[in-house]
Each structure stands twice: as C-alpha cells, then as structure tokens.
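Inspection log for the structure reproduced underneath, given as structure tokens.
The values are calculated or read from the model by the stated rules, or taken from the named source; none is laboratory data. Remember, predicted model here, so these are calculated numbers, not experimental data. FYI the Cβ positions are ideal-geometry reconstructions off the backbone, even for glycines, and counts take in every protein chain you see.
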Amino acid sequence: MDRTTFDIVVVGGGAAGLRAAIAAAEVDPSLSIAVASKVYPMRSHTVSAEGGTAAVLRDYDSFDLHAFDTIKGSDYLADQDAVEFFVQKCPEEIIQLEHWGCPWSRDPDGRVSQRAFGGMSVKRTVFAADKVGFHILHTLFQTTMKYENLHRLDEWFVTSLILDGAAVGGVVAMDLRRGELGRITSKAVILATGGCGRVYEFTTNGFIKTGDGMALAYRAGVPLKDMEFVQFHPTALPGTGILITEAARGEGGYLINKDGERFLKRYIPEKMELGPRDILSRSIMTEIKEGRAFKGPYGDYVGLDLRHLGEETINKKLPMVRELAEKYVGIDPVRELVPVRPGQHYIMGGVHTNVRGETILAGLYAVGEAACVSINGANRLGSNSLSECLVFGAAAGRAAAAYVRKKGWPDGAAGREALKREEARIFDGLLARERGTPTLAELRTEVQQLMERHVGIRRSEAGLEGVSARLLRLREAIGRVGLADKDPVYNTELTAVLELDFMLEVATAIAFSALARRESRGAHSRTDFPKRDDEKYLQHTLAYRTDGAPRIEYLPVTITRWQPAARVY
Amino acid sequence: MPPRPYPWKRRRGWWLRNPHYLLFQAREVGGILTAIVGLILLYQVIQLQAGPDAYSAFLTIAFSPPMLGLMTVLLAFVLVHAVTWFMLLGKAQPIQLTAKPMSWRKVFAINLILWALVSIGVLYLIFGGP
Amino acid sequence: MAAKQVVFRVQRYRPDKRPRPYYQDYRIRYTDDMVVLDGLNVIKDAVDPTLTFRWSCRMGICGSCGANINGKPRLTCGTFIKDVVGPQVIVDPMPNFPILKDLVVDFDDFLDKLEETRPYLVRSKPKPLSDGEYRQTPAEVEAYRQYSMCINCMLCYAACPVYGASGHFLGPAALALAYRYIRDSRDRGGEERLARLSTKSGIWECTFVGECSVVCPKAVDPAGAIQNLKVLASMRTMRKLLMPKAVSR
C-alpha cells in the first residue's frame, strides 16, 4: 500500500467498521476511505455471531415495542433518545443488507423471516440459518469491493492515535507484512475494533477480541463508559467457550438441571428460556452453586435440551449448533443434552459516543461493540448488537464523511512526532527487551483469571478492590515483558504483547467502574449491594485514564418516554 | 529488514503423495490411452476390410503375449477413465430430470447400470445374436 | 483425562535466521479433546514464542487457521490431535502460496481474483429501500445457499494442483462465490460474470481433479460449482450461436 493519507481511516473490519466505511464511501466518491484491520476483514469476530439481528418489519410489531423491550432489557440504563433513533433505523438496514445480497432466511411467501429471541416481546429477529454474523460480514466484505474509493489495509495493527491539537490526525500502525511502523494521516478515525472478551478466561470471543480501540481512545483522553456491564451468555460449551446461540432457545430449546427440571420456572416463569441473558446467567450460576448442576471436567454445567425440536428442525434452523456440539463435545443434540454454562460474550460498555458515533475528541468516532452510545445500558438483548453495528456504523460513516468534507488536513508534524514516539516505544523498547519474567503467557493468564474470579457474574467489594489494585500493578509489570522473536516481520509475539497492553488498560477500567457502582443493575451484580438504586445510579459510569486508578465520573441517563420501573419479566 | 516471502515450489512426484491425485493422473492419462485403444480398434476394422490375410496377420500380432499384456494395461486405463467419467457426471448434471440435482452417487449408479446393460447387449449381438 | 505425548514437527520459515524453510520438532503433552491449534498455542505460550501462525475464532468459521497437517490441507482448529497422531504431527503451511513466516502464507492473490468475479449483487437499477426486500422463496435461497458458505480458508487453493501449477487460475473459492451470485435469483450480473469466468484463466483451466471439494470444511463443493459453470457457459455460447439476437437474463 503506497498511499498513507486518507480522508477517513476505519480501524477494524467487522460489521460496524465495514458498514461505516461503505456509508462514508457512498456519501462522496471523491472521499478516500481506508479500512485498517489487524486481521483480514472476513476473520473479524462478527463472523461467529449465530442468532440473528433485530428489526421492526411486521404489523404485529412497533418501534415503541422494540424500544421498550430494549430499554427494559437494559435495566433502564439505556439512553432512550438513542434507542428511539436506533429502532427506527433497524428496518432499513435489514433491507439494505438484503439488497446487497445477504441470504436472510425466508418465509414461504418470500419475505424475510423473523424468530423469537431473548427479551423480545414478539418475533423480530431476522436470521440467516444460524450463521447470521458470517453472512452479514461476508455480504459487507464482498460489497466493499464495489467502491473504488474504499481501500483496505489488511493486517495493519494500529498502535496509537495521532493527536493533532484538539482533534485526531490519523493513526500510527504496524504493517505486519513488512514489520514496519507507518503513520496513516487522516481527518477522521472511526474505531470499530469490537469488544474485549479476551480479558476473561472463559469467553465465547475469538483470540483477536482484546479491546484495542477502547484502549486507543482511553489513552487519548476519551472516557470509557459503562465498562462494568459485561454480558455473560448463558450457553457456552464448557472448556472451549464456543458459543451455542440463543436461537437454540428461540426455536424452543429448554434449559435443564441435573434433576431434569426446567429450573428457570423458579427464576423467570413468564419468559423461561427466552428471558434476558443476565437473568439467565445468574440463574444458571445459582443452580451450580446450589449443587443442582451436572459435574464435568471443565466445571459444572446445565443441559440445553433440543431433543423435542426434532432432527428436521435442528438441521434446518440450527445446523451449526449440531456441528459444533458433535465436533467439540461429541454430543448429538438430536438425541442428547448439550452441556452449557455461562461465558463472557459481550461488553455493553465502550468508548463514550453520541448517536452519531462522535466522541469528545474531534474527528474520532467509535461504533459497534467498541462503542457505548448507549442503547444497551446495563444488559443487551440478543440480536440487538448486529443491528447496532449496522445502524450506528452507517450513522457514524455518514457523520464522519460530512465532517471531513469541511475539515482541513492535519499538520504533518504531529504525525511524524507520534511515529517517532511509537518507533522508540516498540522497536527500541519492547522489541529489544529479552524474554524473562513474567512471560507474556503468564501475565495474560493471570489477568484473565483475576477478571474471571472477581469481575465475573457476581462481584463483591473485597474482590473488586483486590483485583483493581492488582491490575494497576500488572499494568506496570507489562513493562518488563520481553520478546523471544526479534524479527519485526509478522511478529505475533509482539502483537500479543501490544494486545495485552491494551487489555490491561481495559481491564482496569472494567474493575474500577465495577468497584465504584454500588448497586446491582442488569449484568452488574454485587453480592454486597443486591438492589438497583435509581436515586444514586441512574447514571452512566465514565472512566478516564490516569497513570494510577481511573478517574470515575457519572453522566445522567437520558429518559424520554419510559419511566424506570421494576424490571420484572 | 524487508520481508522475504518464500516462493512456493511444487515438488516432483506431487501426484504420488495423494491417492486422489494419483487417480486423477490415471484418469487424464487414461483419456489419451483410450484414444489409442480407439485407433487400434480402427486399425482392426481397416484390416478386416482389407481381407482375410491381412486380418489373420493382425490377429496373430494381437494375440502375441506382449500385445496381450499391452492391451490389458490399456484396457485397465480405459476402465478407470470410464468409471471416473461416470463419477464426474453426477457433479455437473447438465440435463436435470428432477427439480433438485440428484446425489452424484445415484447418477453414478444409474450410469453404471446403463453401461452394463449396453455392454451386455453388445456382447449378445457379437456372440449370441442373429 | 490422561495426558499423552506427541511430537509436533512444524515447518519454520525465518528469513532473518535461515534462507530456507526447515523443520523444528516440539514434544508436548496433549489430551483427547485438544485440537492441533491448541498444540500450537501450548508451544507458543510455553516452549517457543517465536512460532507464528494465524488463528482467531477457534470454531471453524473465520477461516484463519488453514495449514497442511500430515500432508493434507486442514483447519488446525478443527483437527483433533488424537486423530492425526502418526506418532508425529507434521504441520506445514498451506501449499501453493508464498510463505511469509512459519505457517503464515500470502493469499492476497485470492482477494484480487475474488474482486475480478464481481462478488456482489449486480442489478442495473436497484430497488429503493422503501420498497422492501426482494422476494426470494426458501427454494430460491436453497439454490445458492451452499455456495455462500465459503469461509475463505484457502484449503481448496492449497489442494488444487492446477492452482499450484498455473498462477493465473481464478481458483475454486473465487469461482464458487461467482456461482453463488449467478444462482442468486436477485442477481442480474450472470452475463458479465460468465464472460470473465468462461476464459482460460477461469473455469476452463479446471481439469476437475475434485480435491478442492474433498478438503472444503464447509461442504461448499467448489468442484461442483465449477462444473456447473462450465455447463452454463457452454449453453450460453450455444444460445449465442443459434439465437444471436435473444436477450438472456
């Protein structure tokens, strides 16, 4: 890639990033848009999403209902103006994807099908068998090939933002292929790097989900919002953490404990298996704690019962569930229970933005799981995330395009300075250090185990205090991690250390935000503060980076038409 | 230091390392050899037309041990070529009589049966028929 | 689960150290539920951090982790060690591609070729979004669904001896994806796509070895797609010869 100056750089090539890039490219063919991703875009973690993407498409549904489901699901922490905007834009995104070729599953009359999903009052989840993320991502990726002004920087690892005065001026990135750092000058940067599940030990997330964009923004002075709200998906395969989609329950699957009981009737009898994820995950953990779960080599688990759905339905609607269960746990869901337990899956928190994806830093945008608008509040409903990527990806792409049309080019000096700094930090510093103690793997494992134990489904003051202090010390310890691989070309040991560096920033924000929130709401559950406290905490947590503990501030939630009520299903 | 991708080089005898590749090579070579068998048969017909002397001279050579050996090898390749051809037919299915393409095994089986029937018919004509 | 031992013989390529690829042996412990990727990660984390390979989802959907395992192109995340213990497990980078480092290969050639096949819905006048979706029955979706399952893992290119011999061959995945769009009832670009595909570097370079379909982890059957394209292209040519003035779809 010869040119390194673009109007807009999108960091991350998943659904949100590609949607933003396409939206910007469509605004004006004379704008140049680059998608810089540390992996080829079709490897982005969007690809593993299975269940579906929500939108109001039918007469039995309404924007108000989708908005209410989302707001209630968020335990009233979602910004209602953002949710209202979101639900209105979802349908056109579904149709746009369909026009671009996305193979949505269909009703016999040829219309796009919708299925039931957790927390949704009606069937509004559009799906593509059980591989919705795969199809959305490949449709978007193949569609990007239509645009001449859309360029790809594949396997470019962004290491830092360039700040040009009070605005963003591009990014510094390592071209993994050549082993060189380069600066990509741009008028606007859209962060679409996804979540940070790999800070946890047991996660559905792929290896690449290390919170890179969140850390980049955090280091540039942008606050991370609502980081304590981490979603644990009720049904992950024990051991590997591979996701078994909510659609299995959407199609009618049951959750059974070791006594053969559909135990959710004791927790959420109205919704049962289609309750929201935070309630289900906590219920399963309670069953495990109280000894009613099955015992296994990878921890206790409950059973997902799909037997009554029949082989035909499973093969047609849940083929990948069957493949994954057979392959990775040797179970045929047609005849046996699938072992599942809750695993980290998504983070509601992220870079603080408004509905246009704008952050407090001029020219810097964030979209997708990396961002927090917030429409998911304290708990996300399944199938809202992909819709979020599409809606806000498009919105931010258009907003960024409008912004850059009026903006001048950044000063080159800031970029050159930033590049020099990064070269010193990475080549003279990190690459030159010898591998010693702790090793990269040891440090990473310690972080993951700390987060798993103390910042998981159930949290307490003592645990959070301990982990917060420990993480601050570990953030120093990474300065001692060295490399055995001294060749800068395609150095995955180097990128792993850079990723761990980002992970430590993000983990610190999560732990301290959780410590500060002394209530239980949505996915954040405190054993010492088990009730929701709207008086003190109907606010978003903002974590600002310092060299010590993050500075925590609060931002009121925007309420429009739905007054917070008790969240009962 | 600049990257130095290592160009991929194909090793000699690549087709011996995988039974599928070996079958493929046999099939392709079998095409040429089938053509040669065709030419031999053509030559046989020409000799037949040239008269009983020419034809018996041909038969003498044809039934000599080296020629028998050669024909066995050639016919083996013809067989491989024919069978693999029928296996491939199921994959392309240019003429579809059913709504969805049939599984290639069904097409393969049907064609083998038809081939067998035609062969039996021909044998009957040669040895039994009018 | 009892732990057993295995030797991973991995091909390294470290141009900063040695000009040519070489093998390195690693002895590790494994259990029956470990896949080859888990073995590689054990090596990278605890034995040799310089070992370089791609991976991400570990569930066979992202397509990152293709490699040759005991001579066959497979996904390392989908191959259980117990199934390939020989007693060694020999891991090479996917053949037919230039090697960047260790098991990482350069497959940009595929992405360039994919672009040439115009892998998106082509319509002269797209419907406005307000008109809703293009209607497509479940049977019409089924017509191309299988070919849309390609995860771009490149195992088919690694398995194709024609791609290995001829640099200009478009290759199995690119052709299967082109076929996916041609079979999509919403697409109107069949004519222009076939013009590109029905060339010496396109479908006619394929000699139907069929190995691509054997190794495909998603049962896309690119070999079948290519042969069907040959039929389509031939019929298109016949139609043009016999009915030159007819307008095709």
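Listed by position, the strands (runs of 3 or more DSSP E) enclosed by the stretch C:1-83 that each have at least 2 residues that are touching a residue at least 12 places away in the same chain (Cβ under 8 Å) and over 28 Å from A:L443 (Cβ atoms) are C:4-12, C:66-69, C:72-75. The residues in the stretch A:284-325 that are touching a helix residue (DSSP H, G or I) at 6+ places or on another chain (Cβ under 6 Å) and over 26 Å from C:R58 (Cα atoms) can be counted, and the count is 2.
Can you name the residue in the stretch A:310-321 that is surrounded by fewer than 20 Cβ atoms within 10 Å (Cβ to Cβ) and either under 16 Å from A:V340 (Cβ atoms) or of a type outside the set (D, E, K, R) (or both) and is also farthest from the other protein chains (Cβ to nearest Cβ) among such residues? Full working, then the answer.
The initial filter retains those residues of the stretch A:310-321 that are surrounded by fewer than 20 Cβ atoms within 10 Å (Cβ to Cβ), namely A:310-313, A:315-316, A:319.
If we keep only those that are either under 16 Å from A:V340 (Cβ atoms) or of a type outside the set (D, E, K, R) (or both) as well, we get A:310, A:313, A:315, A:319.
On the way: A:G310: 18, A:T313: 14, A:N315: 13, A:P319: 10 Å.
In this case the residue turns out to be A:G310.
Taken over the stretch C:58-106, residues that are buried (at least 22 other Cβ atoms within 10 Å of the Cβ), within 20 Å of C:H168 (Cα to Cα) and not polar (S, T, N, Q) amount to 5. Taking (1) assigned by TED's automatic domain parsing to the domain that holds A:E465; (2) among the hydroxyl-bearing types (S, T, Y); (3) surrounded by fewer than 20 Cβ atoms within 10 Å (Cβ to Cβ) in turn, A:Y554 satisfies each apart from (1).
Among the residues making up the stretch C:181-195, those that are under 15 Å from C:N228 (Cα atoms) and facing another protein chain (nearest Cβ under 9 Å) are C:Y181, C:D184. Of the candidates A:A477, A:A514, A:A509, the single residue that is part of a helix (DSSP H, G or I) and farther than 21 Å from A:D226 by Cα is A:A477.
Give the residue, chosen from A:T286, A:T353, that is crowded, with 17+ Cβ neighbours inside 10 Å and either under 25 Å from the mean Cα position of the chain (by Cα) or at pLDDT 95 or above (or both).
That would be A:T353, the only listed residue that is crowded, with 17+ Cβ neighbours inside 10 Å and either under 25 Å from the mean Cα position of the chain (by Cα) or at pLDDT 95 or above (or both).
Do we have any residue at all in the stretch A:458-475 that's modelled with pLDDT under 95 and in the same structural domain as A:S525 (by TED's automatic domain parsing)? So that I can check it myself, show each step before the final result.
Of the residues in the stretch A:458-475, the ones modelled with pLDDT under 95 are A:475.
Filter once more, so that each one left must be in the same structural domain as A:S525 (by TED's automatic domain parsing): A:475.
Yes, that holds for at least one residue.
Screening the stretch A:328-350 for residues that are charged (D, E, K, R) and touching a helix residue (DSSP H, G or I) at 6+ places or on another chain (Cβ under 7 Å) and picking the one that is farthest from the other protein chains (Cβ to nearest Cβ) gives A:R335. Within the stretch A:256-306, the set of residues being of a type in the set (A, V, I, L, M), within 26 Å of A:R453 (Cα to Cα) and free of Cβ contacts under 8 Å to residues at least 60 places away in the same chain comprises A:L264, A:I284, A:I288, A:A293, A:V302.
Considering the stretch C:155-168, the residues that are within 14 Å of chain B (Cβ to nearest Cβ) and surrounded by fewer than 24 Cβ atoms within 10 Å (Cβ to Cβ) include one that is nearest to C:F110 (Cα to Cα), namely C:G167. Of the residues making up the stretch C:15-29, those that are surrounded by 15 or more Cβ atoms within 10 Å (Cβ to Cβ) and at pLDDT 95 or above are C:P21, C:Q24, C:Y26, C:I28. On the given criteria, is C:D221 at positive phi, crowded, with 20+ Cβ neighbours inside 10 Å and acidic (D, E)? In short, yes. In the stretch C:32-43, the qualifying residues are those that are at pLDDT 95 or above and surrounded by fewer than 24 Cβ atoms within 10 Å (Cβ to Cβ), and the one that is farthest from the other protein chains (Cβ to nearest Cβ) is C:G39. A:V489 satisfies every condition listed in (1) more than 14 Å from chain C (Cβ to nearest Cβ); (2) over 18 Å from C:D45 (Cα atoms); (3) among the hydrophobic types (A, V, I, L, M, F, W, C) except (1).
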